[in-house]
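Written out below as structure tokens is the structure these notes cover.
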Amino acid sequence: MRNFQPVLLVEDDSVDAMTVKRAFKDLKIKNPLACAANGEEALQYLRNPGNEKPCIILLDINMPKMNGIEFLKVVRADELLRMIPVVVLSTSSEERDIVESYKLGVGGYIIKPVDYKKFVEAIRMVDLYWTLSQLPGRENGGQNADFKTNLVSRR
């Protein structure tokens, strides 16, 4: 069996984290899902040499300790982390959060649907988009050259 890169979910709400895990299972997304409850935990995960770098980060905005915008500023300033694709998955529909996220280079901003079926469809679209996206290799991040294809993989 092929070894897939993890997806890093940065989410402080345990119910929302469980919903993402359930959606991954329902969609048969086989990538491991690594979870962090805030930006500080996510940075610890990303900077731990024992952890494989994620193929994508799903990021909440409103979190304690270090929120999503603060996290994005640190990640985008870090030479080894800046190329990891980030999609915001948040309840915040504040225009300033959306604008600031795009200024910091997110690949997308999705407002979490309340309805589970719509939530699964949102995750399906993220999966499809990042599976089809052509991305540069990772010379500085220690990633292998096939990073750019099959980001989120199924059976």
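Region 33-118: which GluC sites (Glu not before Pro) are DSSP loop and have at most 10 other beta-carbon atoms within 10 angstrom? It would help to have the intermediate numbers written out before the result.
Numbers: sites: Glu40, Glu41, Glu52, Glu70, Glu79, Glu94, Glu95, Glu100; in loops: Glu52, Glu79, Glu94.
Loop-located and lightly packed - Glu79.
Pairs of Cα atoms under 8 Å, at least six residues apart: use those to get the relative contact order of region 1-71, whole percent.
43
Give me the one-decimal nm value for the distance between modelled label points at Tyr129 and Tyr116, 7 Å along each residue's Cα-to-Cβ direction.
The answer from the label model is 2.4 nm.
Starting from the amide H of Ile56, placed 1.01 Å from N in the peptide plane, find each other amide H under 5 Å away whose residue is 5 or more places distant or on another chain.
Excluding prolines and chain starts, which carry no amide H, the hits are Leu8.
Compute, for region 7-148, the length of the dipole vector about the Cα centre, with Cβ point charges of +1 (Lys, Arg) and -1 (Asp, Glu) only. Units Debye, rounded to 20. Show your work: numbers first, answer last.
Working: 19 positive and 21 negative charges, 92 e Å.
The calculated dipole for region 7-148 is roughly 440 debye.
Once a ≥ b ≥ c are taken as the square roots of the eigenvalues of the Cα gyration tensor of region 55-95, is the result rounded (a/c under 1.5), prolate (a/b larger than b/c) or oblate (a/b not larger than b/c)? Don't jump to the answer; show the numbers that get you there.
On the way: a/c = 2.27, a/b = 1.56, b/c = 1.46.
Prolate, because a/c is 1.5 or more and a/b exceeds b/c.
Within region 39-109, which trypsin sites (Lys or Arg not before Pro) sit in a loop by DSSP and count at most 16 neighbouring Cβ atoms inside 10 Å?
Working: sites: Arg47, Lys65, Lys73, Arg76, Arg82, Arg96, Lys103; in loops: Lys65, Arg82.
Within region 39-109, the qualifying trypsin sites (Lys or Arg not before Pro) (loop, at most 16 other Cβ atoms within 10 Å) are Lys65, Arg82.
Report the paramagnetic label zone for Val74: residues of region 12-53 whose backbone N is under 16 Å from a point 7 Å from Cα along the Cα-to-Cβ axis.
Flagged as within label range: 12, 35-49.
Subtract the Cα-Cα distance of Lys65 and Arg82 from 0.36 nm times their separation in residues, and report this length gain in nm to one decimal. Mind showing how you got there, number by number?
Working: separation 17, 0.36 × 17 = 6.12 nm, distance 2.09 nm.
So the extension gain works out to 4.0 nm.
Kindly identify region 1-143 as rounded, prolate or oblate by the Cα gyration tensor criterion: order the square roots of the eigenvalues as a ≥ b ≥ c, call it rounded if a/c is under 1.5, otherwise compare a/b with b/c, prolate if a/b is larger, else oblate.
Verdict is rounded for region 1-143.
Quick one: length gained pulling Glu100 to Leu33 fully straight, 0.36 nm per residue minus the C-alpha distance? Mind showing how you got there, number by number?
Working: separation 67, 0.36 × 67 = 24.12 nm, distance 2.59 nm.
Value of the extension gain: 21.5 nm.
Each reported figure results from applying straightforward, stated rules to the coordinates on display, with no laboratory input. Please read all numbers here as calculations on a predicted model, not as lab measurements. Cβ coordinates were reconstructed from backbone atoms using ideal geometry, including for glycine residues, and neighbour counts include every protein chain displayed.
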